[in-house]
Structures are given as structure tokens and as C-alpha cells.
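All remarks here apply to the structure that follows.
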Amino acid sequence: MRSLPTTPGPSCCGSGVLINDKFKRVLQNWLHVVTAVFIGGLLCWGIIRTFQSGLLSRLSIEADHTDLSPTLDEKLAGSSVDLPGLSSETPDNGNVFYEKAGFKLHVNTSYRLRPRISDWDDQRRRWLSKNPHKKGIVTGKSPLFLVSSSQPSPCENPMGDHFLLKAIKNKMDYCRLHGIDIFYNMAQLDPAMVSFWVKLPLVRAAMVAHPEAEWIWWMDSDALFTDMAFELPLDKYSNYNMVVHGWERKVFEEKSWVGLNMGVFLIRNCQWSLDLLDAWAAMGATGPLKLQIGKFLTSFLSERPENFEADDQGALIYLLNAEKERWRSKVYLESSYYLHGFWVKLVDKYEEMRRKYHPGYGDDRWPFVTHFVGCELCSGDTNTKYSAEKCRKNVEKAFNLADDQILKIYGFHHQSLQSSDVLYL
Ligand SMILES: *[C@@H]1O[C@H](CO)[C@@H](O)[C@H](O)[C@H]1NC(C)=O
């Protein structure tokens, strides 16, 4: 267990060194100097330890979660910052979060998303006034621009690439029906942003490349549209810059890691979003800090696995809690329909749903999106909770549910949700 990152050492020991200098000049006795420094150091150390253990017991929290090893601290000298909201001078009575005051969460500020832009709102306004015709021609009728991606190499799971093909076909169908422009990326854009973090540089690149798009809409490759008729209620979000599926209570009271889901979200094309991406990416850059930040997030959040490196979802929940004014006020947590819908809770209900309702609701009656979280369909990761067979069958059902809504236009339907065979309507 390491201590709190307080630094009373230098002021205390500094005077000791001065006194020793006098000894040196007067007595020229090196042995005395060494002894004096040693005893002085011991005394200082004792005082610091006492001070720290007092603080620790008052805060009653574990110190090793957030602290960095001295070597890492040294390496980072000049490049680490306190995340706002965590500094000790901002106590907030009764708030669990601020009880962690005094802990420094170091983020990797030497890492930067590119390109650096600080006046995007002005740039974009100028661009829009010069290119009004581009609106509409480029994007059809939609202010949305959908972005998704998968790895540059073939999937490790032999069925994975076939699944990805179905998933991209599903997204093309939805976007085609609703006049939404789509970009599917398979290139590694930034070597420091891997795994869950790939979406950050990609979303940023899409914003800058598509000033005509008001909203960038991220969707994981393993999320399928299951309601082809539902449209996002964009008017509802006019005062917000980001829309994520989630619940206020879980994110801000329980500080639950699963209080929101990063698999599908909307982010407005504006400077606020570029700033959020910067603050967010500083927690995810590949490097030794990523594990330290992961530990911090596990100590800060409930329901987050131990020994899990920093992830985008945990980092966003942290930021929303840490800087409420700046971030939380502009983020809309949506739960009135399935912007993201967890497959385990939905797929078994499809048949009943089809008997009772029709597409267009997006909610429990007919989920907008079914997201195969934990199936690892491309990597075929064997450590997942769900069997490959169960995942495969459920994906097939979700795909067919959506595909029936498309085939209907052409006069066909699937024999059943489990079958790829089709019949005339
Ligand atoms: C910070 O990010 C850079 C990538 O830009 C990485 O090379 C470096 O190791 C990171 N530093 C730490 C301490 O994690």
C-alpha cells in the first residue's frame, strides 16, 4: 500500500540540509553530516507517515487504487494533471465522489487526438454558409452520419466475417431507408487508441470530414437495427450534445459501470464534442497509465471488473460525475426506447412481439437496436459468459427479424426467425 500523494517532504527536509551545510563548513566532518542527514530523514519520514495515516483513516478509502509508482511519476513529470473535480479544494458534502478528494488521477496528457482544433464551431459555421448546397446532396435528408468499424484483419472466429457482413448489410438497409450517410472503417487510425477506444479518433475524423453532418452516430459492429421503421426523436435532443442509452440514477447515484452503454451513441458535430473527446482519450491512450486508470475506475465505479484496463465506458461515466457542469449538462441519457438494447433481454421476446405489435415503436414492443454485447462474434473470445452457439442462434434471429422488414418491400419473408429460407408473402 502506498501513501497519499501529498508532498510535505521537501520543505521539512530542506531545512535539515541547510543546517548540515553549516556543519560541513564549520567542522569539515563528513561522518557527522551523513549521520545528521540520516536522522533528519528518519524524523521527517516519521512525521509524514503519521500525517498520512491520519488522513487515510479520515478518508477511509484504499490508497493503492489511484497512486502511481514513483518511477512512473518521474517519467510523467510535467505531463500529468489532476482531473478537474478531483482536486482537494472542491469538497462537496455528502457526495461519495468528492470523498476521494486528495487522490490524483493522472491521465496521459502527452497523448493528443488529431487534428487539434479549437474553433470548430466558427469553422463549421463558415463552411456551412459557403456550402449550403452540400446539405441535402451529400446526406440526403438526414442530419445524421452513421459510423461503425471492425478490425483490418480477418476475424479469429471463422463465422465472424460472415456475421460482420450481415451486420453491415443491416446497417446499410436502415441507412438507405432513412437517407443516412454511412462510413464503415476498417483501418487502424491511431496506434494509441485500440480496442474500445478506436471509436474516438474515428468519430473525430468523421466530424471534421463531414461538417455538413449535425450528428455523428456511432454504432458498434455487433449492434443490429431490429426496428427498421423507428426514427430517432432528434427534436428532443436540441439542447444536448450527446445521447447515450442509460439511466441517471445508475450513472450518478450508483456510479454503475453499466449505467450507460457506449455501443451506440450520438454526438453533435461541435467544439464541445471535440473537447470531450480530448478529455476522454487522455484516459485511454495505450501505455502503462492505462492499467492504473483502470484500477482507479474500478475503485470509483460499481459493477466494474477488477484488473480491467481503462475503458471508454468507465471513463465517460467518470467524466460525467467529475465535471458535471461541463459534461453532464449536455449529455442526454435515453431509456425511453432501445438506442442500445441488450440482446439477452430481447431476443426471446421477438416471436411474441411479432404477434402483438409492429415495427415503429423502438421500445419494449419492438426494440430499435439489439446489441450483442459479450458475444465477441469476431474475435471468438472463449472467455465470454455466453456460448458461441447461443450467440450465433440469437444473432440469426435478430438479423432475420430486421431482414423480414426489408424483404417485405420485395414481396418475401423468412420462413421463420431461425431460417435463412424465404417464402413469397
Ligand atoms: C501516453 O501515450 C503515449 C501514446 O501517445 C504512449 O506512448 C505512452 O506510453 C503513454 N504514457 C503512459 C505513461 O501511459
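Computed from the coordinates by the stated procedures, all read-outs in this text should not be read as laboratory data. Since the model is a prediction, treat every value here as computed from it, not as a measurement. Don't worry about glycine lacking a Cβ; one is built from the backbone with ideal geometry, like all the others, and counts go over all protein chains shown.
Remarks
- Packing rank of 199-206, 407-414, 252-259, where each peptide gets the mean count of other beta carbons within 10 Å, highest leading: 199-206, 252-259, 407-414
- Förster radius 30 Å - calculated FRET efficiency between Q415 and D363 (Cβ-Cβ, nearest 0.05): 0.65
- Using C-alpha pairs below 8 Å separated by at least 6 residues, the relative contact order for the range 341-425 is 20 percent.
- ³J(HN,Hα) computed for each position of the range 309-325 - Karplus, 6.51 cos²θ - 1.76 cosθ + 1.60, integer Hz, glycine/proline x: 4, 4, 10, 5, 5, x, 5, 5, 4, 4, 4, 4, 6, 6, 10, 5, 4
- The range 225-241 - phi-based ³J(HN,Hα) in whole Hz, Karplus 6.51/-1.76/1.60, Gly and Pro as x: 6, 10, 10, 6, 9, 5, 10, 5, x, 4, 4, 4, 9, 4, 9, 10, 10
- Near D181, the amide H atoms lying under 5 Å from its own belong to L146; only residues 5 or more places off or on other chains count, and H is placed 1.01 Å from N.
- Amide hydrogen neighbours beyond the local backbone of Y332, cut-off 5 Å, H modeled: N241, M242, V243, V244
- The range 296-344: C-alpha gyration tensor shape, a/c 1.5 cut-off, then a/b vs b/c: oblate
- Under the Karplus curve 6.51 cos²θ - 1.76 cosθ + 1.60, θ = phi - 60°, whole-Hz ³J(HN,Hα) for the range 332-347, x wherever Gly or Pro sits: 9, 8, 9, 9, 7, 8, 8, 4, 10, x, 6, 3, 4, 8, 10, 4
- Ordering of 311-324, 230-243 by burial proxy (mean other Cβ atoms within 10 Å per residue, highest first): 311-324, 230-243
- For the residue pairs K345/K397; K169/K199; K356/K408; K199/K390; K250/K295, the C-alpha atoms sit more than 22 angstrom apart in K199/K390.
- Mean Cβ count within 10 Å, highest first, over the residues of peptides 357-370, 111-124: 357-370, 111-124
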